[in-house]
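Novice: Mind having a look at this structure? Questions to follow.
The values are calculated or read from the model by the stated rules, or taken from the named source; none is laboratory data. Treat the numbers as computed from the prediction; the structure is a model and nothing was measured. Counting neighbours? That spans all protein chains shown, and the Cβs are built from the backbone with ideal geometry, glycine included.
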Amino acid sequence: MKVAESIDGNVSTEEISNLQRQDSTLQKWFEEAERDQKEDSPMREVRFEVKNSLLWRKKESEKRMITQLVVPSQLREKVMKLATTAL
């Protein structure tokens, strides 16, 4: 199953990137990602990075790195519905 199709028809990577950039709740994390990229900052338990124009959350858990796409607020409810109906 293609998750993008399940969320809202055909949501492209570019559309998700644009929604992330427009989402005021994510601005702090974009700034943190840009700051971490410029500086050689020490690894924290949770950090943010922009890769392929998308904002990602990275967290080390039990000696492995977990990478999660940061969902823009406009898609959060749809993603949560998808997650709960998939159970």
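Novice: How many residues does the range 20-72 contain that are among the hydrophobic types (A, V, I, L, M, F, W, C), within 24 Å of Leu82 (Cα to Cα) and in a loop (DSSP other than H, G, I, E, B)?
Specialist: Number satisfying all stated conditions: 2.
Novice: Next question. Pick from Glu5, Glu15: which is surrounded by 13 or more Cβ atoms within 10 Å (Cβ to Cβ), part of a helix (DSSP H, G or I), out of contact with any helix residue (DSSP H, G or I) (no Cβ under 7 Å at 6 or more places or on another chain) and modelled with pLDDT under 95?
Specialist: On the way: Glu5 fails: surrounded by 13 or more Cβ atoms within 10 Å (Cβ to Cβ).
Exactly one of Glu5, Glu15 is surrounded by 13 or more Cβ atoms within 10 Å (Cβ to Cβ), part of a helix (DSSP H, G or I), out of contact with any helix residue (DSSP H, G or I) (no Cβ under 7 Å at 6 or more places or on another chain) and modelled with pLDDT under 95, namely Glu15.
Novice: Additional query: Only one of (1) surrounded by 11 or more Cβ atoms within 10 Å (Cβ to Cβ); (2) free of Cβ contacts under 8 Å to residues at least 40 places away in the same chain; (3) within 21 Å of Glu14 (Cα to Cα); (4) not aliphatic (A, V, I, L, M) fails for Ser73. Which number is that?
Specialist: Evaluating Ser73 over (1) surrounded by 11 or more Cβ atoms within 10 Å (Cβ to Cβ); (2) free of Cβ contacts under 8 Å to residues at least 40 places away in the same chain; (3) within 21 Å of Glu14 (Cα to Cα); (4) not aliphatic (A, V, I, L, M) leaves (2) as the failure.
Novice: Moving to a separate point now. Can you find, within the range 26-52, the residue that is modelled with the highest pLDDT among those that are more than 12 Å from the chain's Cα centre (by Cα) and surrounded by fewer than 11 Cβ atoms within 10 Å (Cβ to Cβ)?
Specialist: By that ranking, first place goes to Lys28.
Novice: Filter the range 53-70 down to residues that are among the hydroxyl-bearing types (Ser, Thr, Tyr) and exposed (fewer than 11 other Cβ atoms within 10 Å of the Cβ) and give me whichever is modelled with the highest pLDDT. First the steps, then the outcome.
Specialist: From the range 53-70, those among the hydroxyl-bearing types (Ser, Thr, Tyr) are 53, 61, 67; that's our starting set.
Now drop any that are not exposed (fewer than 11 other Cβ atoms within 10 Å of the Cβ), which leaves 61, 67.
Values: Ser61: 82, Thr67: 94.
That would be Thr67.
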